[in-house]
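Report on the following structure.
The values are calculated or read from the model by the stated rules, or taken from the named source; none is laboratory data. Being a predicted model, the structure only gives us computed values, none of them experimental. Cβ placement follows ideal geometry from the backbone for every residue including glycine, while neighbour counts extend to all protein chains displayed. Areas reflect the complete protein model, heavy atoms only, side chains present, ligands, DNA and RNA absent. Shrake-Rupley method; radii C 1.70, N 1.55, O 1.52, S 1.80 Å.
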Amino acid sequence: MRKLLPGKLVLASHNAGKLREFAGLLAPYGLEVVSAKELGLPEPAETGTTFLENARIKALAATQATGLPALADDSGCEVAALGGAPGVYTADWATQPDGSRDYGPAMERVWREAKANPDRRCAFVATLVLAWPDGHTEGFEGRTEGHWTWPPRGAQGFGFDPIFVPEGESLTYAEMSVEEKARLSHRARAFRALAAACLG
């Protein structure tokens, strides 16, 4: 595994929620985080069929455009009653005709298509890829099992957080504090693996 040295790191995301979450996770490691959105980088087409492929596409695009190391995340919600959908296409379910993302209709689609099935299991999956300007990459996955609930609850978080309840918990991700979510989150689990291998 290659170690990442302190300095500037590009977060290959245009998602403000992810930037806040990663800035907090990366703060102890002497890394200055700047987002792809702040740098005016375009979002590359996510043509992969797995979380790992899409995260690698985003990380490599950002590092090649800036000459800086880049971290990308591809994540999604896998609903058992929908055969694992939306999965890698989670963001697509939220994409509107104008290109913006609205997770309200996406969450409603989960409810509409899965409500007749008593199986409420779902999982949140996050894959992180760290890329260097020479093209080297390292990938890490985190997974949190739980169930989906309806109607949505909570105003914290982003994406499908308001309908996801982690296993053994009673609150949705969106009802939890940042610290509570970090203890359980798929993204934090992936980050802990990355930190153990590449940081510090």
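Things to note:
- Scan of segment 118-139 for residues that are acidic (Asp, Glu) and free of Cβ contacts under 8 Å to residues at least 40 places away in the same chain, ordered by number: ASP119, ASP134
- Restricting LEU128, LEU171 to those that are touching an Asp or Glu at 6+ places or on another chain (Cβ under 8 Å) and part of a loop (DSSP other than H, G, I, E, B) reduces the list to LEU171.
- Residue match in segment 119-140 (condition: open to solvent by 70 Å² or more (accessible area, probe 1.4 Å), closer than 20 Å to ASN15 by Cβ and out of contact with any Gly (no Cβ under 9 Å at 6 or more places or on another chain)): no
- So ASP102, is it open to solvent by 40 Å² or more (accessible area, probe 1.4 Å) and within 23 Å of ALA45 (Cβ to Cβ): yes
- Which numbered condition HIS147 misses (of (1) buried (at least 16 other Cβ atoms within 10 Å of the Cβ); (2) within 14 Å of the chain's Cα centre (by Cα)): (2)
- Some residue of segment 11-19 being over 14 Å from the mean Cα position of the chain (by Cα) and open to solvent by less than 60 Å² (accessible area, probe 1.4 Å): no
- Condition met for ALA65 (farther than 30 Å from PRO118 by Cα, surrounded by fewer than 20 Cβ atoms within 10 Å (Cβ to Cβ) and modelled with pLDDT under 90): no
- Exactly one residue out of GLY30, GLY24, GLY7 is open to solvent by 40 Å² or more (accessible area, probe 1.4 Å) and at positive phi: that is GLY30.
- Just one of (1) open to solvent by less than 60 Å² (accessible area, probe 1.4 Å); (2) within 20 Å of LEU52 (Cα to Cα) fails for ALA80. It is (2).
- Filtering segment 166-197 to residues that are over 17 Å from the mean Cα position of the chain (by Cα) and either without any contact (Cβ under 8 Å) to a residue 12 or more places away in the chain or surrounded by 22 or more Cβ atoms within 10 Å (Cβ to Cβ) (or both) leaves GLY168, SER170, ALA196.
- Where a residue in segment 1-28 is free of Cβ contacts under 8 Å to residues at least 40 places away in the same chain and its partner, wherever it lies, is among the basic types (Lys, Arg), with Cβ under 6 Å and at least six apart: HIS14/LYS37
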